[in-house]
Structures are given as C-alpha cells and as structure tokens.
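Here is the structure we will look at, set down as structure tokens.
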Amino acid sequence: MELTVERIKSVVANIERAVVGKRQEIELSLVALFSGGHVLLEDVPGVGKTMMVKAIARSLGADFKRIQFTPDLLPSDVTGVSIYNQKTQQFEFRPGPVLANIVLADEINRTSPKTQSALLEALEEGSVTVDGDSLILEKPFFVMATQNPVEYAGTFPLPEAQLDRFLFRLTLGYPSVEEEVEVLKRLEKKHPIDEVRPVMTTEEVVHLQGLVQEVYVDDHVKEFIVEIVNGTRRHDAVELGVSPRGSIALMKAAQAYAMLDGRDFVLPDDVKYLAPYTLGHRLILTAEAKMMNIEHEQIVREVLEKTRVPVIRKELTP
C-alpha cells in the first residue's frame, strides 16, 4: 500500500507542474478516476479546467480526446459514425472522441439534450451503441465535463438523470495572488503543460481501480452512508433527495479516497469529507429553496451535522 501511495503522489506532483494551487481538486479527480466515476467541473472560464484534464491525461500516458459541445453537435459526432467506402464497397466505422481513455466534454451544457444523452450510456455502462451494435469502451474510461455556471443564454441545463451519472461536482475557483503570480512566472517563456510527462501507465490505473474494490467498508460505515442519504430525502428544502445510486457513489468514492490515504479500510471521516462533492448535485430543491439561493452542498453539510457518526473500533477492520 505504501508503494501505491507513493505512485499516486508522483502523479499529483506531476499534474501540479501545470496546475498551480489545486491539489485538493486534483486529488478528488484522481479519486473519481480510480473509483470508476466521472467529474463535472463547474466554474467560470479561464481558471484552468481544461489544463487540469490535459495534465491528468498526460501524466497517465492515456489516450485523450476533447469534445467541444456546441448547439449543432450531433450524437454521431460524439460516438462515431459508419461511412461507406466506395473502394471496398463496405461501411467503415469512424470512432468518435468518446472512444478514448480520458475525455474532456467541454461546455457540455451548450449542446442539445439529444447529444447530451449520447454520453449517458458511456458514463453509466462503459459502452456506446452505434448502428445497433454495442461497443465496449477500453478501460480506463474517464470523463471530465465542464460547464459555465454564469452564462445561461443558449444553454441546455443537464437533466437530473445525467447529473446523477457524475461522481463529483467540483469547482476550481480563482487562484490566490501568490498562485496567480506563480502562474505568470511559469507561462513567461513556455507553457508548463509541455513539461508534463507520463509517470503512470493506463495498465497501472486499471490495477489501482481493482485495488479500490478490495478496500474494506465496515457495516457501520455503510449504515452511516445510508443515514446521510436518507437525511437528504427528509430535508425540508429538498423536493427529491439522493437516490441509491448516490449511496453507491459515496461508498466507492470513500474506498478510493482511503486507498489514496494509504489505508485498506474506510473511515467515517472519509464519508463526511466526500459527501458534499458526491451528493450535492444529486439533490432537487424546492421552489422556495431555489428562491432563497440555498446551495446544494449547504444542505448536505446540514444533514451531516444531524447524522450520528459511528465509532469504528480497530478490531472491526481486517
């Protein structure tokens, strides 16, 4: 386990060569990757969303594709299309950008719901259907989607069914003065992304995804997760609470986070830390709560304060 932690730390340090001051977001993105989930990055333009995804892909030596979502984008532009070859007199499949290890779905809310739904099967099932045939996506498969939360003109808000497919919803935020000065220094002569080299292979990533599944989750921790989820369903400001898919997502994320921390068991503190990122975007608030601008993550934190934290004795862990 110590060797695993060191390998992951080397990946984080490598990504930080191009992304300044976002260690927490980098680690959470790796948690999502190793647990088999996906990330929705919601922030204003120019704070480094695309740069972080590129740095992750380069650090892992993974096949990287970017999809720039626009109103005229078609589902076949995402999944791929069969084109007739006059020389061979046969149809040849041209794979779409979703058939890559790491996919950046840039400004996903700027395309139509029909095209957005083309990602649904890929996010949940790890496959896409083209011309009636189901194509299994090569592992690892990791999607980081971005959207601008400020400009809503001409956008198509993601439906709840698609939001539920993302493990985390993260924001990067503006850098501090010191961090922004460091960004300028690094970009003065050349782009730091050019110095990012692979420090891990995709085979290692798949191996780590298998190790995550072996991380022990005590029954008391599982009950703690379910109590948190049930608390969101009973909250007065919530019209529709977190589904069982959210419970599963929180447990898987906690397993991956424990592995990153060098443990083979999950602590209740792991669950508490990850709950706002995992559950917030899965809530549908009441009209009154929306008018009062109550944040989804705030509701999750209120539920956490009211939920009893279990005491896990050391002898209960394997």
- Subset of segment 189-216, residues in a loop (DSSP other than H, G, I, E, B) and of a type in the set (Asp, Glu), comes to Glu214
- Task: Would you be able to say whether some residue in segment 12-20 is farther than 14 Å from Gln255 by Cα, surrounded by fewer than 23 Cβ atoms within 10 Å (Cβ to Cβ) and charged (D, E, K, R)?
- Result: yes
- A careful count of residues in segment 187-210 that are modelled with pLDDT of 90 or more and charged (D, E, K, R) gives 3
- Item | Number of the condition not met by Val226 [criteria: (1) of a type in the set (Val, Ile, Thr); (2) in the same structural domain as Gly246 (by TED's automatic domain parsing); (3) at pLDDT below 90] | (3)
- Item | strands (runs of 3 or more DSSP E) lying entirely in segment 83-154 (those with 1 or more residues that are farther than 25 Å from Phe168 by Cα and in contact with a helix residue (DSSP H, G or I) (Cβ under 7 Å, 6 or more places away or on another chain)) | 127-130
- Residues of segment 41-69 satisfying the condition of being touching a helix residue (DSSP H, G or I) at 6+ places or on another chain (Cβ under 8 Å), among the small types (Gly, Ala, Ser) and in a helix (DSSP H, G or I): Ala55, Ser59
- Message: Being in contact (Cβ under 8 Å) with a residue 12 or more places away in the chain and either in a loop (DSSP other than H, G, I, E, B) or β-branched (Val, Ile, Thr) (or both) is the filter here; which residues of segment 245-289 pass it?
- Response: Asp261, Gly262, Arg263, Asp264, Val266, Leu267, Val271, Thr278, Leu283, Ile284, Thr286
- Would you check if there is a residue in segment 194-201 being loosely packed, with under 12 Cβ neighbours inside 10 Å and either within 20 Å of the chain's Cα centre (by Cα) or among the acidic types (Asp, Glu) (or both)? yes
- Message: As an exercise: evaluate Ile248 against (1) touching a Gly at 6+ places or on another chain (Cβ under 9 Å); (2) of a type in the set (Val, Ile, Thr); (3) at pLDDT 95 or above and give the number of the one condition it does not meet.
- Response: (1)
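Scan segment 168-188 residue by residue and report those that are in contact with a strand residue (DSSP E or B) (Cβ under 8 Å, 6 or more places away or on another chain) and either farther than 22 Å from Arg110 by Cβ or in a strand (DSSP E or B) (or both).
Phe168, Arg169, Leu170
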- Note on the structure: Exactly one of Phe69, Phe64, Phe34, Phe91 is touching a strand residue (DSSP E or B) at 6+ places or on another chain (Cβ under 7 Å), among the aromatic types (Phe, Trp, Tyr) and under 25 Å from Ala253 (Cβ atoms), and that one is Phe64
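The values are calculated or read from the model by the stated rules, or taken from the named source; none is laboratory data. The structure displayed is predicted, hence computed values, not measured ones. Note that each Cβ is placed from the backbone with ideal geometry, even for glycine, and that neighbours are counted across all protein chains shown.
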